[in-house]
Amino acid sequence: MIRIILSFVIAFLSTWLLGKVVIPWLHLLKAGQSIKEIGPKWHMYKQGTPTMGGIMFIPSILLALLVCSIPELAAGDFGGLVVYCFALVFGAIGFIDDFMKVKYHKNEGLTSIQKFLLQLAAAILLIIILRNMGYLSQSLYIPFFNVYWRLPLAVYLVLAAFIIVGCVNSVNLTDGVDGLATGVTMPVALFFTIAAMLWKYTEVGVLGTALLGGLAGFLIYNFHPAKVFMGDTGSLFLGGMVCGLAFALDIPLILILVGIIYICETLSDIIQVTYFKLTHGKRIFKMAPLHHHFEMCGWSEYKLFFVFSGITLACCGLALLGIWNK
């Protein structure tokens, strides 16, 4: 328990201190966010706010993991480190995307197909590594029913890859309002920490707490009005962490519940685009993804943060009941 708390403290303080150095450095690099013209007009004042802020909490999480997982690492338990490295690959994809946006002063970096292929390759690699390390079976755990559904290996691999790529991009899509992806992911990190402690996966628990601490430190700078955005560097890393933790604990289906906001954000975008094309210009939502719709309905960024984070917290509490007897 002491190491769990220490992991939070190290990640929190490291991120907070890094912010004092990184944010001025990003200003010097002119690493400002370009705001899409098709987005909410009132977001234009955010033009030039530094992006790539994910580089503040990514190394802080690693530091906390290494310091607080020495016994497990010495014993050859590298589960938490594998999950971190997996998330880091996604963070690297996001960094390339952010760097291209900053360099060319555009809102688009890598193409959709480039992102998809890189993410798919990373997803397949994680699944293979975790399976070889004994973390994964071919069976899906069904929360609340406490049963396993065994699948053919090929089916499991395809489903797992779909879950990972979909989840990572859903987290990325949620990062559209000050502090939103940060606030929504904090309860998710807490959920995986508690689950890992219940099942004695200490290193995974340390990683979950480090994620929570890093995000808490980042929120100091990312809460409205944001002094820095996490960028794709941070949001893709977060997506990788959330998926990695779920698969390391072999409970990927729990993402449906703990990631309810991520899913709603993505579904709103898919529904909007599909309906727009089918009806030749009509819309269901005032603007997609979902957080922009509520902004158009008059919700402040503060309200979005607290409501969406609160919904996630409640769903994470329900998810704990669903896995309690696993």
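The values are calculated or read from the model by the stated rules, or taken from the named source; none is laboratory data. Values in this document were obtained by computation on a predicted structure and should not be read as measured data. Backbone-built Cβ (ideal geometry, glycine too); neighbour counts: all protein chains shown. Just the protein is used for accessible areas: all its heavy atoms, side chains included, with ligands, DNA and RNA removed. Shrake-Rupley method; radii C 1.70, N 1.55, O 1.52, S 1.80 Å.
Please verify whether M186 is out of contact with any strand residue (DSSP E or B) (no Cβ under 6 Å at 6 or more places or on another chain), surrounded by 22 or more Cβ atoms within 10 Å (Cβ to Cβ) and part of a helix (DSSP H, G or I), treating the condition exactly as stated.
So M186 passes the test.
Give region 234-284 a look and list any residue that's open to solvent by 10 Å² or more (accessible area, probe 1.4 Å), hydroxyl-bearing (S, T, Y) and in contact with a Ser or Thr (Cβ under 9 Å, 6 or more places away or on another chain), or say none.
T266
Could you tell me how many of the residues in region 267-301 are within 18 Å of N169 (Cα to Cα) and of a type outside the set (S, T, Y)?
Of the residues in region 267-301, 11 are within 18 Å of N169 (Cα to Cα) and of a type outside the set (S, T, Y).
Tell me the residue from A216, A226 that is touching a residue at least 60 places away in the same chain (Cβ under 8 Å), in contact with a helix residue (DSSP H, G or I) (Cβ under 9 Å, 6 or more places away or on another chain) and not in a helix (DSSP H, G or I), please.
None of the others qualify; the one that does is A226.
Can you pull out every residue in region 311-326 that is out of contact with any strand residue (DSSP E or B) (no Cβ under 9 Å at 6 or more places or on another chain) and under 12 Å from I194 (Cβ atoms)?
Residues satisfying the conditions are C316, G317, A319, L320, L321, W324.
For region 1-120, which fully contained helices (runs of 4 or more DSSP H) count at least 3 residues that are under 22 Å from G176 (Cβ atoms) and either touching a strand residue (DSSP E or B) at 6+ places or on another chain (Cβ under 6 Å) or at pLDDT 85 or above (or both)?
So the answer is 2-28, 54-68, 79-104.
Looking at region 95-119, which of its residues are open to solvent by 70 Å² or more (accessible area, probe 1.4 Å) and without any contact (Cβ under 8 Å) to a residue 24 or more places away in the chain?
If the condition is that a residue be open to solvent by 70 Å² or more (accessible area, probe 1.4 Å) and without any contact (Cβ under 8 Å) to a residue 24 or more places away in the chain, then I96, K103, Y104, E108, S112, I113, Q114, L117 are the ones that fit.
For region 194-209, check the following and say yes or no: at least one residue is assigned to a loop (DSSP other than H, G, I, E, B) and surrounded by fewer than 22 Cβ atoms within 10 Å (Cβ to Cβ).
Yes, region 194-209 has at least one match.
Out of A122, A74, A92, I need the residue that is open to solvent by 20 Å² or more (accessible area, probe 1.4 Å), farther than 22 Å from I23 by Cα and of a type outside the set (D, E, K, R). Which one?
A74 is the lone residue from the list that is open to solvent by 20 Å² or more (accessible area, probe 1.4 Å), farther than 22 Å from I23 by Cα and of a type outside the set (D, E, K, R).
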